[in-house]
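To keep things clear, I will list the structure first and then write my remarks on it.
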Amino acid sequence: MDPLLLGLIVAIATIVVLFSGVSVAVGLLIVSGGFLIVFDGMRSLELMPEIMFGKLDNFALLSIPMFIIMGASIASTRAGADLYEALERWLTRVPGGLVISNLGACALFSAMSGSSPATCAAIGKMGIPEMRKRGYPDAVAAGSIAAGGTLGILIPPSVTMIVYGIATETSIGRLFLAGVIPGMMLVALFMAWSLYQTWKSGDVNLLGGRVYSWRQKLEILPRVLPFLAIIIGVLYAMYGGIATPSETAAVGALLCLLIAMIIYRLWSPVALWVVLRDSTRESVMILFIIAAAGVFSYMLSSLFITQSIAQWIGTLEVNRWVLMGAINVFLLVAGFFLPPVAVILMAAPILLPIITTAGFDPIWFAVVLTINMEIGLISPPVGLNLYVINGIAPDIKLKTILYGSLPYVGCMVVAIILLCLFPGLATWLPDLVMGASR
């Protein structure tokens, strides 16, 4: 059978299996095992356990559960509420300062937790009721938090970037650095749109807020600064050549647990058990998907599907930016239905040879891919962040939340366009800190 036709059949089968409701990892194993049996016989199944365990035999994978523990320990405390309150006190006199405070809190909490749903939950519980109380429309209150929560998979340390680095064998340190400037750019775009919305409304109640004394502004900082110091310390240890990403993640997880126990009195064995239980559950889910994706990649390679697609793309006489546009549409659609980790692990083996052949930088592409995944987090039918916000504020209709998040989707599209026009936004900082990659 022609490998390209076989690839189409595999794609259709994968979509059907995943839409049947099975977990992503199990679905990938079912598709991989089925096609391997049909084309290579039953003995091919003997390789599956070896491939799965071989895919997990990577020291860099240790950073995933460590960063997840780091985020879970923060998310289990009032750190998000304190972070929001600190920014609200300092930015209250800025026009639209409350929504700016929420977006800033989302950005900082994302850097601490690395999780988009956790960011939405932590900041949204405080921010949405307060914004509604001050007169902000429901769409603005819910949409800004839903969009701000997406920053968790872009701003380092990001589990999504770690997974991409492992799947494509690129430097995790470079990937983290590549997300810094685009992440800040997205925060700036979100804030600019929020300020414009506030100015356009003309509502005097939204143009300013409560006045806080200097004492009130300063007294909240000791509860926030230790966590920010850990983030800075983790990044400094990683880029200062002191430790590897896995080692810094382990130290960061331990320090976050200790600070949660000391500052927020997280002494209860039950509370600590919940942190470790939830972290283990999420880590196992991600690692299981990674293992299953390894088998899926092996199946595609052994049937010459990956090689044939890359060769076919290479024969197309199209502008490379037309090709990149098609890839972006594919990633956008995939992100509507699948979690970011699954999309990366499934698409990376196919897309990496295509983008490198077309002359695109894999580090730059990681940022473009991640922003596409961010759009998927606030777009139906899956739109995980939309449902998290709906769970926090069930009286706000899902349609209203979606309507409020759409302008921020536009900001993300603008960010992708800017990255295409100025690739240095993603590559300049990694090259400055770690030297040119080539």
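The values are calculated or read from the model by the stated rules, or taken from the named source; none is laboratory data. Computed from a predicted model, the values in this text were never measured in an experiment. Reconstructed Cβ throughout: ideal geometry from the backbone, glycine too, with neighbour counts over all protein chains shown. Accessible surface is based on the protein model in full, side chains and every heavy atom, while ligands, DNA and RNA are left aside. Shrake-Rupley method; radii C 1.70, N 1.55, O 1.52, S 1.80 Å.
Given R₀ = 35 Å, what would the calculated FRET efficiency be for Leu225 paired with Val274, taking r from the Cβ atoms and rounding to 0.05? Efficiency, from the Cβ-Cβ distance: 0.85.
Eigenvalues of the alpha-carbon gyration tensor of segment 215-254, scaled by 5 and square-rooted, set the equivalent ellipsoid semi-axes at 27, 10, 4 angstrom, largest first. Sequence-ordered 3J(HN,Hα) estimates for segment 155-170 from the Karplus curve with 6.51, -1.76 and 1.60 and θ = phi - 60° stand at 6, x, x, 10, 5, 4, 5, 4, 4, 4, x, 6, 5, 10, 6, 10 Hz, glycine and proline given as x.
For the chain, the mean residue ellipticity at 222 nm estimated from helices alone is -25500 deg cm²/dmol, where every DSSP H run of n ≥ 4 contributes -39500 (n - 2.57) and the total is divided by all residues, rounded to the nearest 500. Rolling a 1.4 Å probe over the protein chains gives Val24 an accessible area of about 20 Å². Residue-wise HN-Hα couplings along segment 121-128, as the Karplus relation 6.51 cos²θ - 1.76 cosθ + 1.60 with θ = phi - 60° gives them from phi, are 5, 5, 7, x, 4, 8, x, 5 Hz; Gly and Pro carry x. Multiplying the residue separation of Asn319 and Phe304 by 0.36 nm and subtracting their alpha-carbon distance yields 2.9 nm. For the chain, the number of Lys pairs with C-alpha atoms closer than 23 Å, counting only pairs eight or more positions apart or on separate chains, is 9.
For segment 292-348, the fraction of C-alpha pairs farther apart than 12 angstrom is 72 percent. Against the criterion of solvent-accessible heavy-atom surface with a 1.4 angstrom probe, Asp431, Asp2, Asp361, Asp57 sort, most first, into Asp57, Asp2, Asp431, Asp361.
Accessible surface of segment 216-260, 1.4 Å probe: 75 percent of it comes from carbon and sulfur atoms. Computed from the C-alpha gyration tensor, the three semi-axes of the ellipsoid equivalent to segment 2-93 are 44, 19, 11 Å, from longest to shortest.
From the square roots a ≥ b ≥ c of the eigenvalues of the alpha-carbon gyration tensor of the chain, which class results: rounded (a/c under 1.5), prolate (a/b over b/c), or oblate?
Working: a/c = 1.81, a/b = 1.54, b/c = 1.17.
Verdict is prolate for the chain.
By average Cβ neighbour count within 10 Å, what is the ranking of 259-267, 383-391 from highest down?
383-391, 259-267
Helix 269-302 axis versus longest C-alpha principal axis of the chain: approximately 30°, rounded to the nearest ten. Take the chain with all the other protein chains still there, run a 1.4 Å probe, and you get 43 Å² of accessible area per residue.
Counting only protein heavy atoms and using a 1.4 Å probe, the accessible area of Met184 comes to about 130 Å². Of the accessible area of segment 366-423, computed with a 1.4 Å probe over protein heavy atoms only, carbon and sulfur atoms account for 76 percent.
Normalised by the residues of the chain, what does the relative contact order come to in percent, with Cα pairs under 8 Å and at least six apart?
Relative CO of the chain lands at 26 percent.
Only protein atoms count toward the accessible area here, which uses a 1.4 Å probe; on segment 27-178, the carbon and sulfur part of that area reaches 64 percent.
Couplings for segment 363-377, taken from phi via the Karplus curve 6.51 cos²θ - 1.76 cosθ + 1.60 with θ = phi - 60°, read 5, 4, 5, 4, 5, 4, 4, 5, 5, 4, 5, 4, 4, x, 5 Hz in order; Gly and Pro are left as x.
In this simple spin-label model, placing a label point 7 Å from the Cα along the Cα-to-Cβ direction at both Met184 and Leu421 gives a separation of 2.0 nm.
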